[in-house]
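Have a look at the structure below before the remarks.
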Amino acid sequence: MSGEESAEQIKIRADRLKINNEDIMFLGETDISFIEDEIKKLKPKLVVIDSIQTMYSDEITSAPGSVSQVREITSKIMRICKKEKITTIIIGHVTKDGNIAGPRVLEHMVDTVLYLEGERYFSYRILRGVKNRFGSTNEIGMFEMQENGMCEIKNPSSVLLSDRTENSPGTIVVASMEGTRTILVELQSLTIPSVFGFPKRTANGIDFNRLTLLIAVLEKIAGMSLGNQDVYMNIVGGIKINEPAIDLGIILSTASSFKCMPISNDTIAIGEVGLTGEVRNVNMIEKRIKEAEKMGFKTCIIPESNKKLLKEKYKLDIIGVKNIIEAMKFLGLK
């Protein structure tokens with residue numbers, strides 16, 4: 001069912017995606033009572049409703065998309081579909097912040113909540129589970145928007161690192177965990193003298209407050225004068241990462257840009273950085289190292305506390321560091 005688009009619009013999209021299946025039926029309707037009757041009559045295996053904010057019930061006087069309408073319509077859909085054992089997908093609008101628009105009561109009522117994340121001007125999309133009554137929310141799916149629809153990316157790291165340039169100051173690869181999947185991404189930093197006297201910090205793909213905190217650590221612990229420098233940080237590919245295991249990469253890439261000294265392309269950095277400059281251990285270090293090894297990296301800089309606990313032997317060189325000074329000295333940045 002769709003209250004967003006007409007049958008003609010859906011047909012154009014189906015033709016573009018080369019979908020020709022007689023078992024797929026479309027209903028352009030927003031009245032929930034009529035939709036209920038059709039579900040009872042057809043008893044399909046799968047119902048997709050796009051979107052819940054456009055549906056309404058005559059029994060509720062408020063406008064479509066309101067709390068009372070969404071609650072009533074969702075409960076009706078759940079009641080009939082659970083009774084008939086029909087799998088149902090309810091699509092909801094998303095705000096600019098990336099949350100489901102309107103009343104959050106919708107998230108509490110359903111069994112599973114999935115977010116399809118991605119920047120408007122990038123082709124990559126991540127399907128992330130934030131709630132699942134039947135299983136784990138630790139897994140993600142990564143897809144690329146292509147001409148024939150969204151196609152699965154089986155090796156995200158190779159795609160995200162495919163266009164790296166040689167000997168570019170300010171770039172380094174970090175290993176991030178998305179659920180139980182390791183994704184290697186490229187961090188890019190750029191530092192330039194501030195023109196207006198007040199230094200600017202810009203973060204794309206990472207938390208802005210985390211960037212300013214790590215810049216302060218670089219200034220205090222490493223003695224790097226960034227107070228008169230604009231600092232720009234970007235994660236290539238439009239991916240957003242919030243975990244602290246990329247802290248060491250942020251520190252090293254910023255120092256590399258400031259010193260105009262490139263970091264070898266076969267080097268990867270993993271580690272959380274504290275306010276006193278110490279490099280703290282991270283979880284799932286073995287998975288991160290194995291992914292780096294598989295992608296052909298030669299050197300992996302990790303926390304010393306993680307290195308002591310490693311049981312396996314790896315083909316790449318494992319460099320354990322206790323603080324950011326040791327990591328910077330190893331790379332010739334200090």
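None of the figures in this text is laboratory data; all of them are computed from the coordinates on show. Please read these numbers as outputs of a predicted model, since none were measured by experiment. All Cβ positions, glycine included, derive from the backbone under ideal geometry; neighbour counts span all protein chains shown.
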Legend entry - Neighbourhood net charge (10 Å Cβ-Cβ; Lys/Arg +1, Asp/Glu -1) for residue 91: -2
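Between residue 329 and residue 164, what length comes free when the chain is fully extended (0.36 nm per residue of separation minus the Cα-Cα distance, one decimal in nm)?
Details: separation 165, 0.36 × 165 = 59.40 nm, distance 2.40 nm.
Between residue 329 and residue 164, full extension yields an extra 57.0 nm.
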Inset, instruction - Give me the distance in nm between label points sitting 7 Å out from Cα along the Cα-to-Cβ direction at residue 313 and residue 82, one decimal. - result: 5.7 nm
Inset, instruction - Taking 7 Å along the Cα-to-C-beta vector as the label spot, tell me the residue 127-residue 6 distance in nanometres, rounded to one decimal. - result: 3.0 nm
Inset, instruction - Report the net charge of residues surrounding residue 6, where surrounding means a beta-carbon distance below 14 angstrom and charges are Lys +1, Arg +1, Asp -1, Glu -1. - result: -3
Legend entry - Proximal lysines to residue 322, defined as alpha-carbon separation beneath 17 angstrom and excluding residues fewer than eight positions away on the same chain: 220, 307, 308, 334
Inset, instruction - Could you work out how far helix 7-16 tilts from the main Cα principal axis of the chain, as a 0 to 90 degree angle to the nearest 10? - result: 50 degrees
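Using alpha carbon coordinates only, what is the Rg to Rh ratio of the chain, with Rh defined as the Kirkwood radius?
Details: Rg = 24.6 Å, Rh = 22.9 Å.
With Rh from the inverse mean 1/r over Cα pairs, Rg/Rh is 1.08.
Among 93, 108, which comes first, then next, by fewest other beta-carbon atoms within 10 Å? Spell out each step's value before the answer.
Values: 93 14, 108 11.
Arranged by neighbour count, lowest to highest, 93, 108 become 108, 93.
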Inset, instruction - Report, in deg cm²/dmol and to the nearest 500, the calculated mean residue ellipticity at 222 nm for the chain, where each DSSP H run with n ≥ 4 adds -39500 (n - 2.57) and the sum is divided by the residue count. - result: -8500 deg cm²/dmol
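With the contact rule set at Cα under 8 Å and sequence spacing of 6 or more, what percent relative contact order holds for the chain?
On the way: 613 pairs, mean separation 37.2, N = 334.
It comes to 11 percent, rounded to a whole number.
If Lys and Arg each add +1 and Asp and Glu each add -1, what is the summed charge of the other residues whose beta carbon sits under 14 Å from the beta carbon of residue 326? Could the numbers behind the result be given before it?
Values: positive: 280, 307, 322, 329, 334; negative: 278, 304.
Its environment carries a net charge of +3.
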Inset, instruction - Give, in nm to one decimal, the length gained when the segment between residue 94 and residue 45 is fully stretched (0.36 nm per residue of separation minus the Cα-Cα distance). - result: 15.0 nm
Inset, instruction - Compute the distribution of all C-alpha to C-alpha distances in region 7-110, in bins of 10 Å from 0, and list the percent of pairs in each, rounded to whole numbers. - result: 13, 44, 33, 10, 0
Inset, instruction - Would you please give the FRET efficiency between residue 287 and residue 146, computed as 1/(1 + (r/R0)^6) with r the Cβ-Cβ distance and R0 = 45 Å, to the nearest 0.05? - result: 0.95
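So how many Å³ per residue does the convex hull of the Cα atoms of region 159-330 work out to? Don't jump to the answer; show the numbers that get you there.
On the way: hull volume 18.0 nm³, N = 172.
Convex hull volume per residue, Cα atoms: 105 Å³.
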Inset, instruction - Pick out, from 105, 56, 86, the residue whose Cα sits farthest towards the positive end of the charge dipole of region 7-110, with +1 on the Cβ of Lys and Arg and -1 on the Cβ of Asp and Glu. - result: 86
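Give me the number: length gained by fully extending residue 138 to residue 115, i.e. 0.36 nm times residue separation minus the C-alpha to C-alpha distance, one decimal in nm. Show your work: numbers first, answer last.
Details: separation 23, 0.36 × 23 = 8.28 nm, distance 1.31 nm.
Extra length from residue 138 to residue 115 when fully extended: 7.0 nm.
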Legend entry - Inter-label distance for residue 213 and residue 25, nm, one decimal - labels placed 7 Å from Cα along Cα-to-Cβ: 5.4 nm
